[in-house]
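> For reference, the structure I am asking about is given below.
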Amino acid sequence: MSVKNICCIGAGYVGGPTCTVIADKCSDIKVTVVDINQRRIDEWNSDTLPIFEPGLEEIVKRNRGKNLFFSTDVTQAVLEADLIFISVNTPTKTFGMGKGRAPDLKYIESAARKIADTAKSAKIIVEKSTVPVKAAESISKILKHNSKCTGFQVLSNPEFLAEGTAIRDLLNPDRVLIGGDTSKEGQAAIRALSEVYERWVPKERVLTTNTWSSELSKLTANAFLAQRISSINAISAVCEATGADVSEVSYAIGKDSRIGDKFLRASIGFGGSCFQKDVLNLVYLCEALNLPEVAEYWHQVILMNNFQRRRFVNKIIKRLFGTITGKKITIYGFAFKKDTGDTRESSSIYITKYLLEEEARIVIYDPKVSEDQIRSDLSDCESFHSPSDFDRYVTICKDPYEAAKDSHALVICTEWDEFVTLDYERIYGLMEKPAFIFDGRLILKHEALRKIGFQVDVVGKDFS
Ligand code: UDX
Ligand code: ADP
C-alpha cells in the first residue's frame, strides 16, 4: 500500500509545519491541512501565516496550491485521504475529573467521530498530537462502533519538533517514531507511513514500536527534558546561596558524555504548550495506575518550575528595596522561547502577573508577540479589578528603548538574540537610578553591564 493523499486535521503549530515539510518532500502526495477555525485557514492561505517559524513561510509559499492545501472542508479532505493525521489540541483539563492534570481529549474524540461519520473506505489514522497512553485504543473503538467501514489502522507517530527550530527538526529529525498494531495489517500501515518519511529521513532513524511504547515515549521524552531544566534550576538556587556560578556548573557537568551538554541552561522556568501538559499527563497516568510515588516524583518537576518563577520575582522585589509598588518594570520578551510568537505557558506571563500583584507598572517589549496576544494572556490577572486596569498598569511597546524609558528595572524573560546586541549604555541613560537588570536567561554580558553602572542580577549567580 502506498500513500497518495494525506489529510491533516488541525492546522496548528504541529499540523501546519509537519504537513508543509511532507508536501515539500513528497511532490506526488496531495496534502490537505484542515481546521474548523476559518480564520486560521485564511491566514495559512494568506501572506501572513498564523504562526511564526523560521523557514516556514518560504516552504509554504513554494508548495501551496501545488500539492499543499489549507481548507475548512474537513469532509472532503477526509473522504479523499488514505492517511489522516490527527493534530488537534489536547490542553490540560480545567474542570471535572482530572482537572489540572489530565489532558482534555474532546478535540481528539470529535476528530475521530468526524472520520467515522465521513469515511467511505478504510484509512490509516495517525495520532500526531501528544496523547495519553492508550488513546489509540479509544480512537479505534470510536471508529469501530461508528463507521460503516472496517479495516482502519490507528498508528501513533508523535511529533518531536521544538518551536523556533521546527523546520530544521522536521528536515533532520533525530528519529521518527511510529507505533502500531503487531498484526499483519498494523505492520503494513507502519510500512506505508515509514515510506513517506523515508523520502528524506535515513531509514535507520525511523523507529517502529508497539503503539503503547510510542505513546509513552513521547511523554517520557518531554518529561526527561523538563526534568533536566528543573534539575539545573534547582541547582541555580544553590549557586546563588553559595557563590557558585550555574553556567560554570552546567559547563562542567555537560562535559560528562553520560550527561551531555544540552538542556542545561538555567532559566526562569520552562514554558511552552508541551512540557507542563505532558508531565501532568504522566502524573495523572501514574495516579490512575495506583503508582503514587512515581506520580509524586514527576510532579516535583512542575513544582520546581513554579518555584523558580516565584523565586525570581521575589529576588526582583528584594533588590528593589522591598517594594515595587508604582515602580516601572520593563519586561523584555513575552514568548516562551526565542524565534517563536507563541506564549503558551510562557514564564513571562507568570512573572508579569506576580509583579502586577505588587502593583508595579509593567512595560512589555517582544519582537514577535502581538499586543492582542499579550492582552489575552493577562486578561485573567487576579490583580485587575476592572477592564481599564490593563491600560492603567500595563504598556506594550514596539521599541526596546522606548520600553526602557524611566524604568526602574529591566527583566530579560526571553532569550531573543536581539536583546544581546542592544545599546545598553543608551538604555542605562534612559532608566531611573539605580538601574537594575535581571537576566532570567543568562544571555547578557554581565561584567560589561556592571561597568556601565547597572545593578546586575541573574539566575544562578549572586553578584552582591
Ligand atoms: C518541546 C520539546 O523540545 C519537543 O521535542 C516537543 O515536541 C515539544 O516540546 P518546545 O516546547 O517547542 O519543544 O521548546 P523547547 O526548546 O523544548 O523549550 C521548552 C522550554 O524550556 C522553553 O521555555 C525554553 O526556554 C526552556 N528551556 C529549554 C530552558 O529553560 N533551558 C534549557 O536548557 C532548554
Ligand atoms: P498544536 O500546538 O498541538 O499544534 P494548536 O492549538 O496550535 O495545537 O492547533 C490545534 C488546531 O486543531 C487548532 O487550530 C484547532 O482549531 C484545530 N482543531 C481542534 N479540533 C478540531 C476538529 N475537530 N477538526 C478540525 N480542527 C480541529
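Bear in mind that the values in this text are calculations on the coordinates, not laboratory data. The model shown is predicted, which means the values in this text are computed figures rather than measured ones. Cβ: placed from backbone, ideal geometry, glycine included. Neighbour counts: every protein chain shown.
> Using Cα positions and a limit of under 16 Å, work out the aspartates and glutamates in reach of Lys114, with same-chain residues fewer than 8 apart set aside.
Asp35, Asp73, Glu80, Asp82, Glu127
> Which entries in Lys4/Lys184; Lys93/Lys218; Lys66/Lys338; Lys106/Lys277; Lys203/Lys338 show an alpha-carbon gap greater than 23 Å?
From Lys4/Lys184; Lys93/Lys218; Lys66/Lys338; Lys106/Lys277; Lys203/Lys338, over 23 Å: Lys66/Lys338; Lys203/Lys338.
> When only DSSP loop residues count, what trypsin sites (Lys or Arg not before Pro) in the range 142-193 have their Cβ near at most 14 other Cβ atoms within 10 Å?
Lys148, Arg175
> Which entries in Lys128/Lys445; Lys262/Lys368; Lys255/Lys445; Lys315/Lys405; Lys255/Lys461 show an alpha-carbon gap greater than 32 Å?
Checking Cα-Cα distances, Lys128/Lys445 exceed 32 Å.
> Also, quick follow-up: Could you tell me the center-to-center distance, by alpha carbons, between the range 1-30 and the range 278-298 in angstrom?
After rounding, the separation between the Cα centres reads 34 Å.
> OK, next. Just want to confirm a number: the relative contact order over the range 99-241, from Cα pairs under 8 angstrom separated by 6+ residues, in percent.
Worked out over the range 99-241, it gives 22 percent.
> With N set to the residue count of the range 82-185, report its C-alpha Rg divided by 2.2 N^0.38 Å to two decimal places.
Computed over Cα atoms of the range 82-185, the ratio equals 1.16.
> Counting Lys +1, Arg +1, Asp -1, Glu -1, what net charge surrounds Val131 among other residues with beta carbon under 13 Å of its beta carbon?
-2
> Same structure again: I'd like the distance separating the alpha-carbon centroids of the range 89-128 and the range 200-251, in whole Å.
That distance is 27 Å.
> Measure nothing fancy, just the Cα-based angle from helix 15-25's long axis to the longest principal axis of the chain, in degrees from 0 to 90, nearest 10.
For helix 15-25, the angle is close to 60 degrees.
> Further question: Percent of Cα-Cα pairs more than 27 Å apart in the range 15-148, please.
The proportion of pairs with Cα distances above 27 Å equals 25 percent.
> Under the definition of Cα pairs under 8 Å and six or more residues apart, what whole-number percent is the relative contact order of the chain?
Averaging sequence separation for qualifying contacts and normalising by length gives 12 percent for the chain.
> With N denoting the number of residues in the chain, provide Rg(C-alpha) divided by 2.2 N^0.38 Å, to two decimal places.
Output field value: 1.05.
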